[in-house]
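Novice: I have a structure I would like to understand better, so I am pasting it below and will then ask my questions one at a time.
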Amino acid sequence: MSVFNGLLIEDLVVEVAGKKVVDGLSLRVPKGEVHAVMGPNGTGKSSLSKALAGSSEYRILSGRAELDGVSLVGLAPEEISKEGLFLAFQYPVDIPGVSIANFIRACLNARQKDGTEISVPDFYKELYSRMAELGMDKSFSSRPVNVGFSGGEKKRCDILQMLMLRPKIAILDETDSGLDIDALRVVSNGVNAARSPDFGALLITHYQRLLDHIRPDKVHVMYGGKIVETGGAGLALELEKSGYERFKTNG
């Protein structure tokens, strides 16, 4: 059996606090493509992302979740990260006492399989270059992660981490939430800059406005804990106009 090159999810069932929140979901996101998942509140989109990232609150009852053929089910969050999955949270957490630069460098060093550390000059050269792309002043690198940041600054910090860590697959959970037009454009440019044959992304969003800046290869509709329809970028425009009522009726 050939190995799928990217994120493979088949018949995934997830529960939290005894409630089933993902119910037989199947999805494939190959590297080299950007996919979007859209759906109403409470349909399990964020639950899916947290379960894939290994959150202890979410229990995978059955199904498959693999990245380049490696099962993510049962792995600790740090091991899932090492396998190449990145999650940008809808609500990024503060990390007092740890600077952005030290946090990202520690993450990179943890991924070094030979036990060596990333060269400090090379690290800062790339860090400052990426920060410039995202419109972030160099001084941000010495600030504690997300402490005192605005919503837009937190999202830029997430995208900075993504660019530096170079994951195989990035899941962006409502990255557009709380962003003004300028910040949305900058963050979107960062995601577009990461696009390559070795990188895939899953955008979880409610709104077309993010997809105006990051054109997806496919759009998936999630309803009732599963994918109920898949289409091209035009599907997002349909949802913007008609909403999710027809899925409610069909369900």
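The values are calculated or read from the model by the stated rules, or taken from the named source; none is laboratory data. Just so it is clear, the structure is predicted and the values come from calculations on it, not from any experiment. Counting neighbours? That spans all protein chains shown, and the Cβs are built from the backbone with ideal geometry, glycine included.
Novice: Check N250, N192 and return the single one that is out of contact with any helix residue (DSSP H, G or I) (no Cβ under 6 Å at 6 or more places or on another chain) and at pLDDT 85 or above.
Specialist: Only one candidate passes the filter, namely N192.
Novice: Taking the range 222-251 on its own, how many of its residues are surrounded by 13 or more Cβ atoms within 10 Å (Cβ to Cβ), of a type outside the set (A, V, I, L, M), under 24 Å from the mean Cα position of the chain (by Cα) and assigned to a helix (DSSP H, G or I)?
Specialist: The number of residues fulfilling the criteria is 2.
Novice: Collect the residues in the range 56-82 that are in contact with a strand residue (DSSP E or B) (Cβ under 9 Å, 6 or more places away or on another chain) and more than 24 Å from D23 (Cβ to Cβ), keeping them in residue-number order.
Specialist: Result: D68, G69, S81.
Novice: Inside the range 92-118, can you point out the residues that are part of a loop (DSSP other than H, G, I, E, B) and touching a residue at least 60 places away in the same chain (Cβ under 8 Å)?
Specialist: Of everything in the range 92-118, just one residue is part of a loop (DSSP other than H, G, I, E, B) and touching a residue at least 60 places away in the same chain (Cβ under 8 Å), namely P92.
Novice: Restricting to the range 127-145, name every residue that is touching a strand residue (DSSP E or B) at 6+ places or on another chain (Cβ under 8 Å) and buried (at least 20 other Cβ atoms within 10 Å of the Cβ).
Specialist: Of everything in the range 127-145, just one residue is touching a strand residue (DSSP E or B) at 6+ places or on another chain (Cβ under 8 Å) and buried (at least 20 other Cβ atoms within 10 Å of the Cβ), namely V145.
Novice: Follow-up question, since we're still on this one. K125 is checked against (1) in contact (Cβ under 8 Å) with a residue 60 or more places away in the chain; (2) more than 20 Å from the chain's Cα centre (by Cα) and fails just one. What number does that condition carry?
Specialist: K125 satisfies every listed condition except (1).
Novice: Let me ask something else about it. Would you mind stating whether L87 is in a helix (DSSP H, G or I) and not β-branched (V, I, T)? First the steps, then the outcome.
Specialist: Numbers: in a helix (DSSP H, G or I): no; not β-branched (V, I, T): yes.
So L87 does not fit the description; no.
Novice: When the residues of the range 189-221 are filtered to those that are free of Cβ contacts under 8 Å to residues at least 40 places away in the same chain and either in a strand (DSSP E or B) or among the polar types (S, T, N, Q) (or both), which remaining residue is farthest from P30 (Cα to Cα)?
Specialist: Checked the range 189-221; the qualifying residue farthest from P30 (Cα to Cα) is Q208.
A quick yes/no check of all residues on (1) under 14 Å from the mean Cα position of the chain (by Cα); (2) part of a strand (DSSP E or B); (3) free of Cβ contacts under 8 Å to residues at least 40 places away in the same chain; (4) surrounded by fewer than 21 Cβ atoms within 10 Å (Cβ to Cβ):
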| site | (1), (2), (3), (4) |
| --- | --- |
| V22 | no, yes, no, no |
| T43 | no, no, no, no |
| S49 | yes, no, no, no |
| G63 | no, yes, no, yes |
| V73 | no, no, yes, yes |
| E79 | no, no, yes, yes |
| K82 | no, no, yes, yes |
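Novice: List pairs: first in the range 147-167 and under 15 Å from Y91 (Cβ atoms) and touching a residue at least 12 places away in the same chain (Cβ under 8 Å), second β-branched (V, I, T) and assigned to a loop (DSSP other than H, G, I, E, B), Cβ under 9 Å, 6+ apart or cross-chain?
Specialist: K155/T175; D158/T175
Novice: Within the range 194-210, is there a residue that is more than 27 Å from E83 (Cβ to Cβ) and of a type in the set (A, V, I, L, M, F, W, C)?
Specialist: Scanning the range 194-210, I find no residue that is more than 27 Å from E83 (Cβ to Cβ) and of a type in the set (A, V, I, L, M, F, W, C), so the answer is no.
Novice: Mind checking whether some residue in the range 177-186 is part of a loop (DSSP other than H, G, I, E, B), out of contact with any strand residue (DSSP E or B) (no Cβ under 7 Å at 6 or more places or on another chain), surrounded by fewer than 20 Cβ atoms within 10 Å (Cβ to Cβ) and not small (G, A, S)?
Specialist: Among the residues of the range 177-186, at least one is part of a loop (DSSP other than H, G, I, E, B), out of contact with any strand residue (DSSP E or B) (no Cβ under 7 Å at 6 or more places or on another chain), surrounded by fewer than 20 Cβ atoms within 10 Å (Cβ to Cβ) and not small (G, A, S), which makes the answer yes.
Novice: Still on this model: Return only the number of the condition from (1) under 26 Å from Y244 (Cα atoms); (2) acidic (D, E); (3) buried (at least 17 other Cβ atoms within 10 Å of the Cβ) that E10 does not satisfy.
Specialist: E10 satisfies all of (1) under 26 Å from Y244 (Cα atoms); (2) acidic (D, E); (3) buried (at least 17 other Cβ atoms within 10 Å of the Cβ) except (3).
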